[in-house]
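Everything below concerns the one structure shown next.
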Amino acid sequence: MTPNDKPEAAPQKRMWGGRFAEDTDKLVEAFNASIDVDQKMALQDIQGSIAHATMLAEQQILAQDEAAQIIDGLESIRQDILAGRFEWKVELEDVHMNIERALTERIGAVGGKLHTARSRNDQVATDFRLWLREATNDLIELLKTARAVFVDLAETHLGVIMPGYTHLQVAQPILFSHHMLAYYEMFTRDQERFDDSLKRTNVSPLGAGALAGTGFPIDRHRSAELLHFSHAARNSLDAVSDRDFALEFLANASITMAHLSRLSEELILWSSQEFGFVTLPDSHTTGSSIMPQKKNPDVSELIRGKTGRVYGNLMSLLTVMKGLPLAYNKDMQEDKEGVFDSAETLTVSLRLTASMLPKITVHAERAKHAAGRAFSNATDLADYLARKGLPFREAHEVTGKLVTLCLQEGKDLQDLPLNQMQAVSDLIDEDVYAALALEQVVSARSSYGGTAQAQVEAQIAEARAALAG
Ligand code: ARG
């Protein structure tokens, strides 16, 4: 039997099967299919199709009753999907063709009119943008919640002094609240980045067709409006080949994960026996199968670890896109899995962080003790000498000598008797001890954005206003 002898009457199971004589190889079918991944966009696909059908009817490209039948059919499919009784078929390749085939099975040949003036290329880009718009909005809400958690912590533990580090060596004492507000700033920037990328996500590719537009008198502005997009993409080629919005999302997610990972690392350190600044809640830690005493910070470790896959998703899509000629290429089907994965990973990481942090116990005495060690007030001694007129470089040198003396004698700077200090610099007086006291060291740093309590309180007030506004 030659290809031409094939029984023409048999219904084509493939929606693009018209010109094909031979069946698709099974492995090719599985390789080509994206239904496992893109069925996540089923509701967006229906939403997009309803808008498209509505516009087609308004433009009299479809008859009113045809559009009504299509929309009814799509609604019934939506109910089945929501109820979990819709059957996805791998031989129908992707979410778009699964739904379109189901529509035609339900309402007959008129279902085939839905794809008028549309291609899967603009359809998939529309669905993906609708999905990502929702995911981005959800993440923005979660970031807002996380930001509020940091402000709450800053307020609850106001006055707690801890060591500030550089190179993970004790540097200068800071307020625990100041440290929490640093994270508030990081997550505020993250939220702003998502707010911003949302503007470029919220653009409608629908009606761009396969790549060049369509000869039907469609109204792309109307379908954009029906889907609450801010406007229709101006260039049809760009509309179907652009995945910048997905890349931006992945980049934003990566930066946010970097912040969550740094926070996780600090919680892991702080809850270790060596630091002992915080105790993590039982609800967010786990035990060991062999060591009965253990309480492990698994949640923080997993957030830190999963940051790797979120970075990977960004690298993966950047690489997919880099060599593609315009417009659509099948390579782009690889765009969704990483985005879905990053969105899910970031969502759960933010949720867990926001639920764990309010339950941590802060060990103020222990943190304060650590803050007062390792010459964390050495800068203040140098500043003291500089205030008495010594050039700061010389003050630095003098203080360094006193630190060496302390190291030899196993003392802290504030424990040196005055005569020993004066032997190194006659600028030093009795008032040096007040300058070296831990509370004074913190409250001295009253420059804008500094760690003095008045500055931190001002930052809390500003953050509260920003969160309320
Ligand atoms: N499943 C495809 C994707 O996710 C839909 C678009 C297919 N377009 C095409 N010309 N084969 O990219």
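Check 81, 71 and return the single one that is under 31 Å from the mean Cα position of the chain (by Cα), more than 16 Å from the ligand (Cβ to nearest atom), in a helix (DSSP H, G or I) and of a type in the set (Val, Ile, Thr).
Only one candidate passes the filter, namely 81.
With 379, 347, 353 as the choices, which residue is within 26 Å of residue 35 (Cβ to Cβ) and in contact (Cβ under 8 Å) with a residue 12 or more places away in the chain?
Criteria check complete, one pass: 347.
Quick one: which helices (runs of 4 or more DSSP H) sit completely within segment 427-469 and have at least 3 residues that are of a type in the set (A, V, I, L, M) and loosely packed, with under 14 Cβ neighbours inside 10 Å?
Working: elements: 432-436, 438-443, 453-468.
Qualifying helices (runs of 4 or more DSSP H): 453-468.
Would you mind telling me which numbered condition in (1) touching an Asp or Glu at 6+ places or on another chain (Cβ under 6 Å); (2) away from the ligand (no atom under 16 Å from the Cβ); (3) under 24 Å from residue 332 (Cα atoms); (4) aliphatic (A, V, I, L, M) residue 143 fails?
(3)
Here are some residues: 167, 157, 178. Which one is away from the ligand (no atom under 16 Å from the Cβ) and without any contact (Cβ under 8 Å) to a residue 40 or more places away in the chain?
Criteria check complete, one pass: 167.
Taking the residues in segment 116-140 that are more than 16 Å from the ligand (Cβ to nearest atom) and part of a helix (DSSP H, G or I) as candidates, determine which candidate is nearest to residue 243 (Cα to Cα).
Among those residues, the one meeting the criterion is 133.
Do we find that residue 334 is away from the ligand (no atom under 16 Å from the Cβ), surrounded by 14 or more Cβ atoms within 10 Å (Cβ to Cβ) and either of a type outside the set (Asp, Glu) or free of Cβ contacts under 8 Å to residues at least 40 places away in the same chain (or both) in this structure?
no
So for segment 41-64 (the condition being in contact with an Asp or Glu (Cβ under 9 Å, 6 or more places away or on another chain), more than 24 Å from residue 214 (Cα to Cα) and either within 12 Å of the ligand (Cβ to nearest atom) or at pLDDT below 95 (or both)), does at least one residue qualify?
Within segment 41-64, one or more residues are in contact with an Asp or Glu (Cβ under 9 Å, 6 or more places away or on another chain), more than 24 Å from residue 214 (Cα to Cα) and either within 12 Å of the ligand (Cβ to nearest atom) or at pLDDT below 95 (or both).
With respect to the numbered conditions (1) in contact (Cβ under 8 Å) with a residue 12 or more places away in the chain; (2) more than 16 Å from the ligand (Cβ to nearest atom); (3) surrounded by 14 or more Cβ atoms within 10 Å (Cβ to Cβ), which one is the sole condition not fulfilled by residue 91?
Among (1) in contact (Cβ under 8 Å) with a residue 12 or more places away in the chain; (2) more than 16 Å from the ligand (Cβ to nearest atom); (3) surrounded by 14 or more Cβ atoms within 10 Å (Cβ to Cβ), the lone unmet condition for residue 91 is (2).
Would you check if there is a residue in segment 204-211 being in contact with a helix residue (DSSP H, G or I) (Cβ under 7 Å, 6 or more places away or on another chain), surrounded by fewer than 20 Cβ atoms within 10 Å (Cβ to Cβ) and touching a residue at least 60 places away in the same chain (Cβ under 8 Å)?
Our first condition is that a residue be in contact with a helix residue (DSSP H, G or I) (Cβ under 7 Å, 6 or more places away or on another chain); within segment 204-211, this holds for 204-211.
With the extra rule that they be surrounded by fewer than 20 Cβ atoms within 10 Å (Cβ to Cβ), the set shrinks to 210-211.
Subsequent filtering for residues that are touching a residue at least 60 places away in the same chain (Cβ under 8 Å) retains 210-211.
Yes: one or more hits.
Condition first: buried (at least 19 other Cβ atoms within 10 Å of the Cβ), closer than 16 Å to residue 76 by Cα and small (Gly, Ala, Ser). Now tell me which residues in segment 95-128 satisfy that.
102, 111 - these are the residues of segment 95-128 that are buried (at least 19 other Cβ atoms within 10 Å of the Cβ), closer than 16 Å to residue 76 by Cα and small (Gly, Ala, Ser).
Need pairs with beta-carbon distance below 9 Å; first residue small (Gly, Ala, Ser) and at pLDDT 95 or above and within segment 94-122, second within 12 Å of the ligand (Cβ to nearest atom) and assigned to a loop (DSSP other than H, G, I, E, B); sequence gap 6+ or separate chains.
Once the first residue is small (Gly, Ala, Ser) and at pLDDT 95 or above and sits in segment 94-122, its partners that are within 12 Å of the ligand (Cβ to nearest atom) and assigned to a loop (DSSP other than H, G, I, E, B) give 117/209; 119/209; 119/210; 119/211; 119/328.
From 249, 275, which residue is under 15 Å from the mean Cα position of the chain (by Cα) and surrounded by 15 or more Cβ atoms within 10 Å (Cβ to Cβ)? Give the derivation first.
Details: 275 fails: under 15 Å from the mean Cα position of the chain (by Cα).
249 is the lone residue from the list that is under 15 Å from the mean Cα position of the chain (by Cα) and surrounded by 15 or more Cβ atoms within 10 Å (Cβ to Cβ).
Pull up segment 274-312, narrow it to residues that are assigned to a loop (DSSP other than H, G, I, E, B) and among the charged types (D, E, K, R), then point me to the one that is farthest from residue 344 (Cα to Cα).
My answer is 274.
When you go through (1) closer than 16 Å to residue 414 by Cβ; (2) surrounded by fewer than 20 Cβ atoms within 10 Å (Cβ to Cβ); (3) in contact (Cβ under 8 Å) with a residue 60 or more places away in the chain one by one for residue 369, which number turns out not to apply?
Among (1) closer than 16 Å to residue 414 by Cβ; (2) surrounded by fewer than 20 Cβ atoms within 10 Å (Cβ to Cβ); (3) in contact (Cβ under 8 Å) with a residue 60 or more places away in the chain, residue 369 violates only (3).
The values are calculated or read from the model by the stated rules, or taken from the named source; none is laboratory data. Note that the structure is a prediction, hence the values are computed from the model and not measured. Every residue, glycine as well, gets a Cβ built from its backbone with ideal geometry; the counts of neighbours run over all protein chains shown.
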